[in-house]
Amino acid sequence: MEELTLITPTFLFSAISLLMLAYTNRFLSYSQLVRTLKDKYVENPTAVTAAQIENLRKRLSLTRAMQMLGIGSLFFCVVSMFFIYINLQMIAAYIFGAALIMLILSLGISVREIQISIRALNLYLSDMEKPNKIQEN
């Protein structure tokens, strides 16, 4: 492996920053959805709303994991830059590798969260389809 320079870990900074912005926006939309679903469930508890709430709990948990791994990746990038700065290349390389692994895990969890989000949308659409089927009969 070639020697790491101070520039190498900085390439991840913009990517991680954009991911963190996306994760934060996702979290903010979930917080609004939690409030809406809670009000809806208190007003009229249904199985669909309960399933949506359970689905949202999973998505919030995954989003928290994505955020933690993203923050950890950014932290390890900074630490690897410090080790490069004090000329401890081998340690810097391992720490930078850990940062990359954390970023890969964060992206993998993001894919899983998207799959669960699609299921949540299908639950929502199934709730909308039921009145239409009743009207057709």
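Structure summary
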{"item": "Count - residues of the stretch 38-90 that are aromatic (F, W, Y), over 23 Å from the mean Cα position of the chain (by Cα) and under 21 Å from L4 (Cβ atoms)", "result": "3"}
{"item": "Some residue of the stretch 125-135 being modelled with pLDDT under 95 and in contact with a Lys or Arg (Cβ under 8 Å, 6 or more places away or on another chain)", "result": "no"}
{"item": "Residues located in the stretch 31-70, provided they are touching a residue at least 60 places away in the same chain (Cβ under 8 Å) and either of a type in the set (K, R) or in contact with a strand residue (DSSP E or B) (Cβ under 8 Å, 6 or more places away or on another chain) (or both)", "result": "R59"}
{"item": "Filter result for T63 (within 30 Å of N122 (Cβ to Cβ), modelled with pLDDT of 90 or more and either part of a helix (DSSP H, G or I) or open to solvent by less than 80 Å² (accessible area, probe 1.4 Å) (or both))", "result": "yes"}
{"item": "Condition check for L103: within 24 Å of T24 (Cβ to Cβ) and out of contact with any Asp or Glu (no Cβ under 7 Å at 6 or more places or on another chain)", "result": "yes"}
{"item": "First in the stretch 15-30 and closer than 13 Å to S106 by Cα, second anywhere and open to solvent by 60 Å² or more (accessible area, probe 1.4 Å) and assigned to a helix (DSSP H, G or I), Cβ under 8 Å, 6 or more apart", "result": "L19/L107; M20/I71"}
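Okay, residues lined up against (1) open to solvent by less than 50 Å² (accessible area, probe 1.4 Å); (2) at pLDDT 85 or above:
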{"residue": "E3", "(1), (2)": "no, no"}
{"residue": "F13", "(1), (2)": "no, no"}
{"residue": "I16", "(1), (2)": "yes, yes"}
{"residue": "L19", "(1), (2)": "yes, yes"}
{"residue": "N25", "(1), (2)": "no, yes"}
{"residue": "S29", "(1), (2)": "no, yes"}
{"residue": "R35", "(1), (2)": "no, yes"}
{"residue": "E43", "(1), (2)": "no, yes"}
{"residue": "A51", "(1), (2)": "yes, no"}
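The values are calculated or read from the model by the stated rules, or taken from the named source; none is laboratory data. Here the structure is a predicted model, which is why all the values come from computation and not from measurement. Every residue, glycine as well, gets a Cβ built from its backbone with ideal geometry; the counts of neighbours run over all protein chains shown. Quick note on the areas: whole protein, heavy atoms, side chains included, nothing else; ligands and nucleic acids left out. Shrake-Rupley method; radii C 1.70, N 1.55, O 1.52, S 1.80 Å.
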